[in-house]
Amino acid sequence: MKYKLYWVKWVDATMSSGWMPAKDYEVVPNYIESVGWVIKETKDYICLALSWSTLNQIADVMEIPKRWIKGKKRLHLK
């Protein structure tokens, strides 16, 4: 397979809803860890396919901005 499997740790955008005093708001980073095949990479994005079928089809593709990535490592299947 020409596509490589990677683990990627990245920080995601978050949102809070509901009323609260502004002074009580705290920033809490939301770190995500994803595993998928890198199907496309640009200077700004890495695109991971999270699912791959035996019919050579992909599903659940994530486009992660590279500036959000905090770490990545290539994985090897046995």
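The values are calculated or read from the model by the stated rules, or taken from the named source; none is laboratory data. In this text, all values refer to a predicted model and were calculated from it rather than measured experimentally. Because the Cβ atoms are built from the backbone with ideal geometry, glycine has one as well, and the counts that use them run over all protein chains shown.
A few comments on the model shown:
- The set of residues from the stretch 17-59 being surrounded by fewer than 12 Cβ atoms within 10 Å (Cβ to Cβ), at pLDDT 95 or above and either in contact with a Pro (Cβ under 9 Å, 6 or more places away or on another chain) or of a type in the set (Val, Ile, Thr) (or both) comprises 42, 44.
- Of residues in the stretch 1-22 being of a type in the set (A, V, I, L, M), within 21 Å of residue 66 (Cβ to Cβ) and not in a loop (DSSP other than H, G, I, E, B), the one nearest to the chain's Cα centre (by Cα): 8
- Applying a threshold of 8 Å to beta carbon distances and a minimum spacing of six or more residues, or different chains, the list of pairs starting in the stretch 39-65 at a residue that is on the phi < 0 side of the Ramachandran plot and ending at one that is modelled with pLDDT of 95 or more and of a type in the set (S, T, N, Q) reads 48/34; 50/34; 58/51; 59/51; 62/34; 64/34.
- Of the residues making up the stretch 23-58, those that are farther than 23 Å from residue 73 by Cβ and not in a loop (DSSP other than H, G, I, E, B) number 2.
- Condition check for residue 14: among the polar types (S, T, N, Q), exposed (fewer than 15 other Cβ atoms within 10 Å of the Cβ), touching a strand residue (DSSP E or B) at 6+ places or on another chain (Cβ under 7 Å) and at pLDDT below 95: yes
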